[in-house]
Amino acid sequence: MKKVLKVGFDLDGVILYNPIRVFRPFAKKFLKPLKAGVLGQEKESFYFPRSNFEKFLWRLIHLTSFKINRGYDDLKKLSKNKGIRLYLVTGRYGFLEDDYEKWLKKINANKVFEKCYINKKNTQPNEFKEEIIKKLKLDIYVEDNWDIIEKLNHHTGAEILWITNLVDRVIPYKNKFNDLKEVSLFLKKFSSRHV
Ligand SMILES: [Mg+2]
């Protein structure tokens, strides 16, 4: 019998197009010393907004994930295929849940994804994703953030696909894609071969 292929997707930068995504590598350089110094957070951890003002800014940043990515229609078609099961796993923190719910409706998530997960307990996004990937025994996870890719490759057995950006594109990686459309086409081919 054919095994069902289980694939997880990140939300921001993968299902949704985020135009400021390309600034992330710069923001990282800037935020790292700031995090350690002013904000008193661990250098290697992902930033978590603590004060109301920081949360407000964080919300604004996520409001820029304003449109559905090219290729989502292909994914919808793919979800009808019985040999594949799609899951949405976002590292978004709990206080962004209202915006997340709005997006789930807009993208008709209940028709496309088997189940959707948000990081309600505000753990580190990579740890949350790792936990769900293991729990669901995902074969593949699609991510746009290079730092998270490295961590997931280290801690899970899933095949991690990377949707890259203009700045990070030079980093060599085996599963590198330009957009969701390319990923969808890859998954379509892959699932037809997958036994
Ligand atoms: Mg992302």
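Derivation of every value follows stated rules applied to the coordinates shown; laboratory data play no part. Here the structure is a predicted model, which means the values were calculated and not measured. Because the Cβ atoms are built from the backbone with ideal geometry, glycine has one as well, and the counts that use them run over all protein chains shown.
Quick notes on this one:
- Alpha carbon centroid spacing (whole Å) that separates segment 129-144 from segment 83-121: 14
- Among the trypsin sites (Lys or Arg not before Pro) in segment 74-159, those placed in a DSSP loop whose Cβ has at most 10 other Cβ atoms within 10 Å are 80, 82, 121, 137.
- FRET E, pair residue 105, residue 182, Förster distance 41 Å, beta-carbon r, rounded to 0.05: 0.95
- Residue pairs, from the table 3/137; 76/115; 76/151; 67/181; 82/121; 6/189, whose Cα atoms sit over 21 Å apart: 76/151; 82/121
- The gain in end-to-end length when the residue 173 to residue 97 segment is fully stretched comes to 24.1 nm, 0.36 nm per residue minus the alpha carbon separation.
- Between amide H atoms placed 1.01 Å from N, distances below 5 Å from residue 141 occur with 8, 159, 160, 161, all of them 5 or more places distant or on a separate chain.
- Phi-based couplings in Hz for segment 131-146 (Karplus 6.51, -1.76, 1.60; Gly and Pro marked x): 4, 6, 4, 6, 4, 7, 6, 5, 7, 9, 9, 10, 9, 10, 8, 4
- Judged by the gyration tensor of its Cα atoms, with axes a ≥ b ≥ c, segment 134-182 is prolate; a/c meets the 1.5 cut and a/b is the larger of a/b and b/c.
- Nearest-0.05 FRET efficiency for residue 79 and residue 135, computed from C-beta distance (R0 25 Å): 0.80
- In sequence order, calculated HN-Hα J values of segment 102-118 (Karplus, 6.51, -1.76, 1.60; Hz; x Gly/Pro): 4, 5, 4, 5, 4, 8, 6, 4, 5, 8, 9, 9, 5, 7, 10, 10, 10
- Model label sites at residue 56 and residue 4, defined 7 Å from Cα along the beta-carbon direction, differ in position by 4.6 nm.
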